[in-house]
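For reference, the structure is listed below as structure tokens.
The values are calculated or read from the model by the stated rules, or taken from the named source; none is laboratory data. Values in this document were obtained by computation on a predicted structure and should not be read as measured data. Here the Cβ positions follow ideal geometry from the backbone for every residue, glycine too, while neighbour counts run over all protein chains shown.
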Amino acid sequence: MVRMRMNQAVAAALADEMREDPDVVVFGEDVAVAGGPFKTSDGLLEEFGPSRVRDTPISEMGFLGMAVGAAASGLRPVAEIMFIEFLGVALDMVVTEAGKFHFLSRGAFTCPITVRASIGAGLGFGCQHSQTMENWMSHAPGLKMVMLSGPQSAYGLLRSAIRDPNPVVVLEPRALYGGRGQVTTGADGILPLGEARRVREGDDVTVVSAGAMVKVALAAAEASDDWSAEVIDLQTLIPWDRDGVVSAVRRTGRLVIVEESPYTSGWGTEIAAYVGARLFGELRAPVLRITCPDVPVPFGRELEQRYMPNPGYVTDQIDQLLATGRVPDPWWVGEGRSA
Amino acid sequence: MGDSDRMERRRAVAADRVARYERMVEIRAFEDRVQGLFSEGRVHGTTHTAQGQEAVAVGIAAAVQTTDLVTCTYRGHGIGLALGMTPEVILGEIMGRDIGCVGGIAGSMHLCDRELGLLPTFAIIGAGIPVAAGAALTAQVRGTDDAAIGVFGDGAANIGAFHEGLNLAAIWNLPVVFICENNQYGEYSRIDLTTPIEDLADRAASYGIPGIIVDGQDPDQTFEAVSAALAVARSGGGPTLLEMKTYRYAGHSRADKAEYRPEGEFERWYERDPINTFRARLESEGLLAPGDAEAIDERVAARLEAALQAVEESPPATVDAMFGNIYAPV
């Protein structure tokens, strides 16, 4: 075990994959000489050289398209999108090209690209640099998508993403890059795609979260003596661990989902619909989704913090759910806004 | 036909100009037949045919190796046939049958043949340009002498992927040849209504790479130009942009009767029809004897008839094909 920051864990995963597989290449804006704007590729250029670690122009459609062609012809490119919003100008290459090559070649071609993108609010970047945008990818069959929640998750999921023969989008909460944790490196530290991970035991409610919200859900669970919450880090958003989540919720009888994204059409909507349908009659309370409001991410510090679910708010929402058996209103209803 | 037949078709085009002529005849007859099948209501969906552009297709196919990857557009039947795909696997795909190159789940716009080096053809304008650069990146990183070919239309020269792909290929000196099939129309719009310059090859100067205008109606010139650009790419000389001036005889897609064409335009281009002019050249060189061209026409017609029969005997696309290749197995 090594103690490291999440950005260092990303760099460690990239380096270990590059050591094991000469076909792994890394490119993106400022990833080589500068080591990445968030230092997620620090040291790679020095160790692996300029053929395998490359700075690109500000040209997302170009370099993601290049990743698609390189992957179809045998490399394992890892492309970095500095802020997830920049994927908007290149989305075709991920959802319509990479995600369809295997299908459109009757299995003859694979397209093992890894697209890493920083996501999320909390650092004062404003509404064009703070979204999560996972639902850009979740309606596009052929892709996989994971969301990192800390250093071990970063190391383990990224290594699996690079090894996977399919296109995988890796969403990296920017606010977590500086957070430290113990990391098991090497083969034992690799986390499989498609499996959720229970990060806390509990009996009264199952809290499913992902990314930066895992820490929030854990803190909320620790804060209550009235109920005990099981906390699950979903880890892989596509394809998500249906069996794992359903069996967990079947045991506790209550499902709460904590998401760092607007209420409408979040990843949790799909989970709520699926679990609600599968466990109809077995649930002891309606499914509760705790999300951000349907507004662009605000800039001002206090508002930005309020925009995202925080531990006190999550605890309070679960308190109300257990006390009343009904889904409580989100905070913005108290401000006179519609739910 | 099996794999070896497809490779044999490819070798024939690479080795022999008369075989190139026959393939051009086959492409023309195939596209005419496809249009006929659509208008008879025997095929659903849409299609984009490439009559008039046969010399571009065979010139490319004759010059590339099977280890080079080619990206191509949704107007891809001709290039697919030229590269060696058989009429039955393309027609089968167009008609949604199991015999199709992708099992009938993809359709006319999406042809693919890995052994022949054809990536799934692109139905998004311009998308294949950076993807071709990516295939060239693999050759560069691995140190092989492979190259890549990115084929696109004149309409693609106005989309961002063109600029981004050429710029990246240029700064990294990638072994790729960009081939613009300038057939004078982007969808329903004539090139001069959408583009402020006459020669798209001029745009190469922005990236510091050679931009060469090629007579796209002459299969000898298209072959020579692609061969020369590939030689430059393989020897570390970087990318080239070839603009092949050609002409789309049909409308954009099956629904388009191309009534927007200026009067006399088609006739002017048809005077330099690539098949007629190449036949005359081969006859004057003594490579086609009297009666040879007619024999080729008959052979092609019989081949297409057999292909149509094979397709009609093939079952429709299967549920297995629909679900079978969403994810590659881990």
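Can you find, within the stretch A:97-116, the residue that is nearest to the other protein chains (Cβ to nearest Cβ) among those that are aliphatic (A, V, I, L, M) and surrounded by 24 or more Cβ atoms within 10 Å (Cβ to Cβ)? First the steps, then the outcome.
Restricting attention to the stretch A:97-116, the residues satisfying the condition of being aliphatic (A, V, I, L, M) are A:98, A:104, A:108, A:113, A:115.
If we keep only those that are surrounded by 24 or more Cβ atoms within 10 Å (Cβ to Cβ) as well, we get A:98, A:104, A:113, A:115.
Numbers: A:98: 10, A:104: 4, A:113: 9, A:115: 13 Å.
So, considering only residues that are aliphatic (A, V, I, L, M) and surrounded by 24 or more Cβ atoms within 10 Å (Cβ to Cβ), the one nearest to the other protein chains (Cβ to nearest Cβ) is A:104.
Of A:159, A:174, A:180, which residue is surrounded by fewer than 20 Cβ atoms within 10 Å (Cβ to Cβ) and either of a type in the set (Phe, Trp, Tyr) or outside the structural domain of residue A:234 (by TED's automatic domain parsing) (or both)? Break it down into steps so the answer makes sense when it comes.
Details: A:159 fails: surrounded by fewer than 20 Cβ atoms within 10 Å (Cβ to Cβ); A:174 fails: surrounded by fewer than 20 Cβ atoms within 10 Å (Cβ to Cβ).
Result: A:180 is the single residue among A:159, A:174, A:180 that is surrounded by fewer than 20 Cβ atoms within 10 Å (Cβ to Cβ) and either of a type in the set (Phe, Trp, Tyr) or outside the structural domain of residue A:234 (by TED's automatic domain parsing) (or both).
Go through B:330, B:300, B:311 for me and flag whichever is β-branched (Val, Ile, Thr) and either surrounded by fewer than 14 Cβ atoms within 10 Å (Cβ to Cβ) or not in a helix (DSSP H, G or I) (or both). Even if it seems obvious, please write down each step before you answer.
On the way: B:300 fails: either surrounded by fewer than 14 Cβ atoms within 10 Å (Cβ to Cβ) or not in a helix (DSSP H, G or I) (or both); B:311 fails: either surrounded by fewer than 14 Cβ atoms within 10 Å (Cβ to Cβ) or not in a helix (DSSP H, G or I) (or both).
Only one candidate qualifies: B:330.
Scanning the stretch B:120-140 for residues that are among the aliphatic types (A, V, I, L, M), closer than 23 Å to residue B:100 by Cβ, in contact (Cβ under 8 Å) with a residue 12 or more places away in the chain and not in a helix (DSSP H, G or I) returns B:123, B:127.
Yes or no: the stretch A:74-95 includes at least one residue that is part of a loop (DSSP other than H, G, I, E, B) and within 7 Å of chain B (Cβ to nearest Cβ).
So in the stretch A:74-95, the residues part of a loop (DSSP other than H, G, I, E, B) come out as A:74-75, A:82-83, A:90.
Imposing the further condition that a residue be within 7 Å of chain B (Cβ to nearest Cβ) reduces the set to A:74-75.
Yes, there is a match, as at least one residue in the stretch A:74-95 is part of a loop (DSSP other than H, G, I, E, B) and within 7 Å of chain B (Cβ to nearest Cβ).
The set of residues in the stretch B:94-111 being in contact with a helix residue (DSSP H, G or I) (Cβ under 6 Å, 6 or more places away or on another chain), closer than 12 Å to residue B:77 by Cα and facing chain A (nearest Cβ under 10 Å) consists of B:101, B:110, B:111. Among the candidates B:143, B:76, B:153, B:117, single out the residue that is away from chain A (no Cβ under 13 Å) and over 17 Å from residue B:311 (Cα atoms). Sole residue among the options that is away from chain A (no Cβ under 13 Å) and over 17 Å from residue B:311 (Cα atoms): B:153.
In the stretch B:220-263, the qualifying residues are those that are within 23 Å of residue B:167 (Cβ to Cβ) and of a type in the set (Val, Ile, Thr), and the one that is nearest to the chain's Cα centre (by Cα) is B:226.
If you scan the stretch A:262-292, which residues turn out to be at negative phi and of a type in the set (S, T, N, Q)?
Going through the stretch A:262-292, the residues at negative phi turn out to be A:262-264, A:266-280, A:282-292.
Across the stretch A:262-292, the qualifying residues are A:264, A:269, A:291.
Of all residues assigned to the stretch A:55-64, none qualifies as being more than 30 Å from residue B:70 (Cβ to Cβ), crowded, with 19+ Cβ neighbours inside 10 Å and of a type in the set (A, V, I, L, M, F, W, C).
On the basis of being of a type in the set (A, V, I, L, M, F, W, C) and surrounded by 15 or more Cβ atoms within 10 Å (Cβ to Cβ), does residue A:303 make the cut? Answer is no for this residue.
Each row is one residue, and each column tells you yes or no for (1) assigned to a helix (DSSP H, G or I); (2) polar (S, T, N, Q); (3) in contact (Cβ under 8 Å) with a residue 24 or more places away in the chain.
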| site | (1), (2), (3) |
| --- | --- |
| B:174 | no, no, yes |
| B:177 | no, no, yes |
| B:212 | no, no, yes |
| B:228 | yes, no, no |
| B:238 | no, no, yes |
| B:257 | no, no, no |
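Only one entry in B:160, B:150 is touching a helix residue (DSSP H, G or I) at 6+ places or on another chain (Cβ under 7 Å) and within 16 Å of residue B:60 (Cβ to Cβ), namely B:150. Taken together, A:116, A:106 contain a single residue that is in contact with a helix residue (DSSP H, G or I) (Cβ under 9 Å, 6 or more places away or on another chain), charged (D, E, K, R) and over 25 Å from residue B:68 (Cβ atoms), which is A:116.
If you take the residues of the stretch B:165-186 that are away from every other protein chain (no Cβ under 14 Å) and buried (at least 22 other Cβ atoms within 10 Å of the Cβ), which of them is nearest to residue B:61 (Cα to Cα)? That would be B:179. Is there a residue being in a loop (DSSP other than H, G, I, E, B), under 27 Å from residue B:163 (Cα atoms), of a type in the set (Asp, Glu) and more than 7 Å from chain B (Cβ to nearest Cβ) anywhere in the stretch A:32-44? For the stretch A:32-44, residues in a loop (DSSP other than H, G, I, E, B), under 27 Å from residue B:163 (Cα atoms), of a type in the set (Asp, Glu) and more than 7 Å from chain B (Cβ to nearest Cβ): absent.
Residues that are closer than 24 Å to residue B:323 by Cβ and either assigned to a strand (DSSP E or B) or in contact with an Asp or Glu (Cβ under 9 Å, 6 or more places away or on another chain) (or both) occur at least once in the stretch B:67-89.
Candidates are the residues of the stretch B:148-192 that are on the phi > 0 side of the Ramachandran plot and in contact with a Gly (Cβ under 8 Å, 6 or more places away or on another chain); the one that is modelled with the lowest pLDDT is B:187.
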